[in-house]
C-alpha cells in the first residue's frame, strides 16, 4: 500500500495558503495512487480553530477525495478533536493509541501527550508486537537534531535515537519539526520527519515536502511540493558595484515562483548614493509583483576607508612586499569583513 505522510499544517483562519496546501496534499495522494494520508499532528494551529473550520475541511476538502485520512493530535491541537465532531466521512482521529494492520505491518498511531512517562509507556506497548513490522506515528521532538530551547518549560515528548534501539519499531514517521525532510537511522530502524508542507514561519525556507511510503518494503521517498506556499531567501552582496548587484537581484527574482515570499537581504559596501540604490531595488521588486521583505546590512565605503583601523591596515600593506594581485585581494577581504563593523 502507498501512504502519503505529512504533519504540521497549522490550519488557521486568515491563512488560506495552508488550506490550499491541504488540498494539494490530497490531490497528490490521489495522483500517486495512495490509499491513505497520515497527518502526524498539528493539523490545526490551536483547538479553537478546529471548532470553527473542522466541519468545513471535512465537507470541502477531505470528502472531495476518495482516500482515507488518519490523524493524530499534536501539541498545538491535542484538545481539538472532540468526539462527535465531523471532520470527514473517511477521517479517522486517533485520540488514544491505536493501530492499523496493513501488508504485514502494524501502523501504531500515538497521539501527543504532555506527560513525561507517556512516551516510554508507548514504546513498551509497541514492542509487544513481534509478529509484524512496526511503523510508529509520533508527534515528538528528536533532541539529537532539535532542542525546543525557548519553550523548554513545556513537555514535547522529547526523545533520542537511542530510545528506539531494540524497540522493535522499524520505521518512525514523526511530526513537530517544521524545517524539512530528515531521515536518520538507528539500530533496528529509521526515524523520519516530513517537515511542514507549507511554510508557517519565515524559518521554514525553501520548497516544502511530504513523504511517500510503500508499506510493502518500507521504502520512503521525499516528494517536493511545487504548489504550496514557502519562504525563499536571497542574499545579495554589493561590493562597490551597485549596477552588478541590481542585475543580480533582477535575475534572482525572475527565477522565483509565484507561491512564495522572498526574504531579500542586501549587504556590503556602496561607493555611491545608497538612497538611489534603494529606490532602484524597490522599482525592481514592484515590477515582479512578488511578496518581498527587504533588509539591508550596508555601509558607505568612505566611512570604512576613513577609519583609523583601515588606515593602519593600509599602511602595513603599503610597507609590505606584496604583489598587486595579493594586495588587491587583501583590501577586498578587509573591506568585506569590516563593512558594518567599523
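The values are calculated or read from the model by the stated rules, or taken from the named source; none is laboratory data. What you see is a predicted model; the values in this text were computed from it and never measured. Cβ: placed from backbone, ideal geometry, glycine included. Neighbour counts: every protein chain shown.
Is it fair to say residue 162 is within 18 Å of the chain's Cα centre (by Cα), farther than 25 Å from residue 102 by Cα, in the same structural domain as residue 112 (by TED's automatic domain parsing) and without any contact (Cβ under 8 Å) to a residue 40 or more places away in the chain? The answer is no for residue 162. Here residue 284 passes the criteria (1) surrounded by fewer than 16 Cβ atoms within 10 Å (Cβ to Cβ); (2) more than 26 Å from the chain's Cα centre (by Cα); (3) not in a loop (DSSP other than H, G, I, E, B) except the one numbered (1). Given the residues 326, 293, which is the only one that is closer than 30 Å to residue 259 by Cα, in the same structural domain as residue 245 (by TED's automatic domain parsing) and not in a loop (DSSP other than H, G, I, E, B)? Of 326, 293, the one residue that is closer than 30 Å to residue 259 by Cα, in the same structural domain as residue 245 (by TED's automatic domain parsing) and not in a loop (DSSP other than H, G, I, E, B) is 293.
Based on what the data block shows, is residue 187 loosely packed, with under 15 Cβ neighbours inside 10 Å, over 24 Å from the mean Cα position of the chain (by Cα) and in the same structural domain as residue 43 (by TED's automatic domain parsing)? Yes, satisfied.
Only one entry in 171, 145 is closer than 26 Å to residue 25 by Cβ and at pLDDT 95 or above, namely 171.
Among the residues of segment 300-313, is there at least one that is within 30 Å of residue 202 (Cα to Cα) and in the same structural domain as residue 250 (by TED's automatic domain parsing)? Checked segment 300-313: at least one residue is within 30 Å of residue 202 (Cα to Cα) and in the same structural domain as residue 250 (by TED's automatic domain parsing). Picking from residues in segment 200-211 that are buried (at least 19 other Cβ atoms within 10 Å of the Cβ) and touching a residue at least 60 places away in the same chain (Cβ under 8 Å), the one that is farthest from residue 178 (Cα to Cα) is 211. Test residue 178 against the criterion of being in the same structural domain as residue 37 (by TED's automatic domain parsing) and touching a residue at least 40 places away in the same chain (Cβ under 8 Å), and give yes or no. Yes. Please verify whether residue 267 is assigned by TED's automatic domain parsing to the domain that holds residue 334, part of a strand (DSSP E or B) and out of contact with any helix residue (DSSP H, G or I) (no Cβ under 8 Å at 6 or more places or on another chain), treating the condition exactly as stated. When the stated conditions are applied, residue 267 passes them. In this structure, is residue 258 touching a residue at least 60 places away in the same chain (Cβ under 8 Å), over 11 Å from the mean Cα position of the chain (by Cα) and closer than 30 Å to residue 41 by Cα? Considered against the rule, which asks whether it is touching a residue at least 60 places away in the same chain (Cβ under 8 Å), over 11 Å from the mean Cα position of the chain (by Cα) and closer than 30 Å to residue 41 by Cα, residue 258 comes out as no.
Please indicate, with yes or no, whether at least one residue in segment 309-323 is within 32 Å of the chain's Cα centre (by Cα) and touching a residue at least 24 places away in the same chain (Cβ under 8 Å). Checked segment 309-323: no residue is within 32 Å of the chain's Cα centre (by Cα) and touching a residue at least 24 places away in the same chain (Cβ under 8 Å). Hey, among 248, 303, which residue is surrounded by 13 or more Cβ atoms within 10 Å (Cβ to Cβ), more than 30 Å from residue 18 (Cα to Cα) and within 28 Å of the chain's Cα centre (by Cα)? When all the criteria are applied, what remains is 248. Restricted to strands (runs of 3 or more DSSP E) entirely inside segment 155-232, no element has at least 3 residues that are closer than 22 Å to residue 113 by Cβ and touching a helix residue (DSSP H, G or I) at 6+ places or on another chain (Cβ under 9 Å). Taken over segment 115-129, the criterion of being within 13 Å of residue 166 (Cβ to Cβ), more than 28 Å from the chain's Cα centre (by Cα) and either surrounded by 13 or more Cβ atoms within 10 Å (Cβ to Cβ) or at pLDDT below 90 (or both) is satisfied by 126, 127.
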